[in-house]
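Undergrad: The structure that follows is given in the form of structure tokens.
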Amino acid sequence: MAGVTKGETDEENMVIHAMTDHRFPLLGSVHSFADFLHGFGWVGEVFLLLTTYLLWFTGSLAEGQPAISRKLSAALFISLLLQTILEFIYFFPVAYIMSLIAAVLTGLSFLILQKKRKLTGL
């Protein structure tokens, strides 16, 4: 397992050992709580990489196919906004501030594409 394996205090070490040493069966697999958190972090990383690609792809469609770009940017905006809310509730300021910036910029791109659509009729 990657991550923290030794704490600075005895209390931290007790928590780390409780998370790494106790393994339990769940749906046909045996893992520790630390394994779950580590895997969850990797799943989140894959999601963020996919979101990055979709934002880049949406931007590249803006000139040639603005209707598809608008739809993708609207969906990504909603996803990023929900992610921001969840991070505000469960995580720390840096996480939700970065997601909020991404959501705002994605929302602005949607509004810009909407304005272009009204001006050009596309």
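Undergrad: Across the stretch 1-18, what is the total count of residues that are among the hydroxyl-bearing types (Ser, Thr, Tyr) and either at pLDDT 90 or above or exposed (fewer than 11 other Cβ atoms within 10 Å of the Cβ) (or both)?
TA: In the first step, residues of the stretch 1-18 are kept if they are among the hydroxyl-bearing types (Ser, Thr, Tyr); the result is 5, 9.
Those left that are additionally either at pLDDT 90 or above or exposed (fewer than 11 other Cβ atoms within 10 Å of the Cβ) (or both): 9.
The total comes to 1.
Undergrad: Next question. Anything in the stretch 19-30 that is loosely packed, with under 12 Cβ neighbours inside 10 Å and part of a helix (DSSP H, G or I)? List them, or say none.
TA: Filtering the stretch 19-30 down to residues loosely packed, with under 12 Cβ neighbours inside 10 Å leaves 21-22, 24-30.
The answer is Asp21, and nothing else.
A quick yes/no check of all residues on (1) without any contact (Cβ under 8 Å) to a residue 24 or more places away in the chain; (2) over 16 Å from the mean Cα position of the chain (by Cα); (3) surrounded by fewer than 12 Cβ atoms within 10 Å (Cβ to Cβ):
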site	(1), (2), (3)
Ser32	no, yes, no
Glu45	yes, no, yes
Tyr53	yes, no, yes
Thr58	no, yes, no
Ala62	no, yes, no
Ala67	no, yes, yes
Phe77	no, no, no
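Undergrad: Right, here's the next one. Can you spot a residue in the stretch 110-120 that is under 20 Å from Tyr53 (Cβ atoms) and either loosely packed, with under 13 Cβ neighbours inside 10 Å or within 12 Å of the chain's Cα centre (by Cα) (or both)?
TA: No, that holds for no residue.
Undergrad: I would also like to ask the following. For the stretch 103-113, which positions are over 15 Å from Leu61 (Cβ atoms) and touching a residue at least 24 places away in the same chain (Cβ under 8 Å)? Steps first, please.
TA: Restricting attention to the stretch 103-113, the residues satisfying the condition of being over 15 Å from Leu61 (Cβ atoms) are 103-105, 107-108, 111.
Scanning the stretch 103-113 gives Ala103, Gly107.
Undergrad: Here's another thing I want to ask about it. Identify the single condition in (1) under 17 Å from Ala102 (Cβ atoms); (2) in contact with a strand residue (DSSP E or B) (Cβ under 6 Å, 6 or more places away or on another chain); (3) among the hydroxyl-bearing types (Ser, Thr, Tyr) that Thr52 does not satisfy, given that it satisfies every other one.
TA: The number of the failed condition is (2).
Undergrad: Taking the stretch 79-109 as the search range and keeping residues that are assigned to a helix (DSSP H, G or I) and among the aromatic types (Phe, Trp, Tyr), which one is surrounded by the most Cβ atoms within 10 Å (Cβ to Cβ)? Walk me through it before giving the result.
TA: Step one: of the stretch 79-109, the residues assigned to a helix (DSSP H, G or I) are 79-90, 93-109.
Next, from what is left, pick out any that are among the aromatic types (Phe, Trp, Tyr): 88, 90, 96.
Values: Phe88: 15, Tyr90: 9, Tyr96: 19.
Residue satisfying both the conditions and the ranking: Tyr96.
The values are calculated or read from the model by the stated rules, or taken from the named source; none is laboratory data. Nothing here was measured: the structure is a model prediction, and the numbers come from that model. Glycine gets a Cβ as well: all are built from the backbone with ideal geometry, and neighbour counts include every protein chain shown.
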